[in-house]
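Readers should treat all values here as calculations from the given coordinates under stated rules, not as data from a laboratory. It should be emphasised that the depicted structure is a prediction, and the values quoted were computed from it without experimental measurement. Neighbour counts are summed over all protein chains in view; Cβ atoms, including those assigned to glycine, are modelled from backbone coordinates with ideal geometry.
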Amino acid sequence: MDLMQFPPHALGRLRRELLPQAVFLDRDGTINVERADYVKSIEEFVFLAGALAAISDLSRFEIPIVLITNQSAIGRGIVTPDQIDSIHAHLRARVRAAGGRIDAIYICPHRPDEGCACRKPKPGLLLDAAADLHLDLRQCVFIGDSIADLNAARAAGCQPIMVCTGRQAQALMQLAEAEHSLVLVADLSAAVEWMHRRLSAGLHVCDIASVLAAGASSHRG
Ligand SMILES: [Zn+2]
């Protein structure tokens, strides 16, 4: 059955039920090229190929897009919070110019030795975002490139989608061989494509269910 035969308002409601409540995005290695010496300026912030188009595509889902990033360079005294803010203003402007959006940004500024509750793999930033935006984390997706991202997503109960554009691609590929349920894709575009496919599959299943339900009720009538 063609989805177009579905009343638009019913399709809209179904989409909202099937879509995640929000998408969390890691920054370094997921959106931009990770640097061993940290991104310290706008000049050092280099988008990965296809990332801007992917965020634009993601924005069409009409759910919050939230950046979740460890920036220990602040705690190490390598960059100031103001410098990070200006890098993020630049990031958001470039995303906007490409037709996308970043709705909120959560940053852990601490060094690993500070033992904070927000540095990934801890789920603190995700818990903060969930409280602020009234999200059920089990209904959210986290797209990231590192084992810390994976573990933060799992600690928070989010669906992780891992990309191979970061420095831990090899480790993730090994992990995916052992754990077949791990969702591992090439890059951010492929992660958004995975979300599209899951939505289409969900709509298809619901559509069949509605046809069967309609058949059952006409039977009773
Ligand atoms: Zn922290």
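Identify the trypsin sites (Lys or Arg not before Pro) of the range 1-97 meeting these criteria: DSSP loop state and at most 13 other C-beta atoms within 10 Å of the C-beta.
Passing sites in the range 1-97 are Arg60, Arg76.
Taken along its three principal axes, the alpha carbon spread of the range 89-212 comes to 57, 37, 28 Å, from the longest extent down to the shortest.
Taken along the Cα-to-beta-carbon direction at a fixed 7 Å, the label points for Thr80 and Leu199 span 4.1 nm. Only beta bridges with both residues in the range 21-189 are counted; by DSSP, about 5 percent of them are antiparallel.
Considering only His134, His90, His110, give the residue with the highest GNM mean-square fluctuation for the chain, with springs between Cα atoms whenever their separation is below 10 Å. Sorting by GNM fluctuation, first place goes to His134.
May I ask you to compute the full-extension gain from Val211 to Asp132, defined as 0.36 nm times their residue separation minus their alpha-carbon distance, rounded to one decimal in nm?
Length difference between fully extended and current span is 24.6 nm.
For Arg15 and Tyr38, what does the FRET efficiency come to when R0 = 45 Å and r is the distance between their Cβ atoms, rounded to the nearest 0.05? Intermediate values should be presented prior to the final figure.
Numbers: r = 39 Å, r/R0 = 0.87.
Using R0 = 45 Å, I get an efficiency of 0.70.
Per-residue packing, averaged as other Cβ atoms within 10 Å, sorts the ranges 79-88, 163-172, 117-126, 177-186 into the order 117-126, 163-172, 79-88, 177-186, beginning with the highest. Each residue in Cys206, Cys116 was given a count of other beta-carbon atoms within 10 angstrom of its own, and listing them fewest first yields Cys116, Cys206. Its alpha carbons give the range 1-132 an Rg and a Dmax of 17.3, 59 Å. Entry for the chain at q = 0.08, 0.09, 0.10, 0.17 Å⁻¹: log10 I(q)/I(0) = -0.32, -0.40, -0.48, -1.23, Debye formula applied to identical alpha-carbon scatterers, no solvent contribution. Of the GluC sites (Glu not before Pro) found in the range 17-122, those in coil by DSSP whose Cβ has at most 15 other Cβ atoms within 10 Å are Glu43, Glu44, Glu62.
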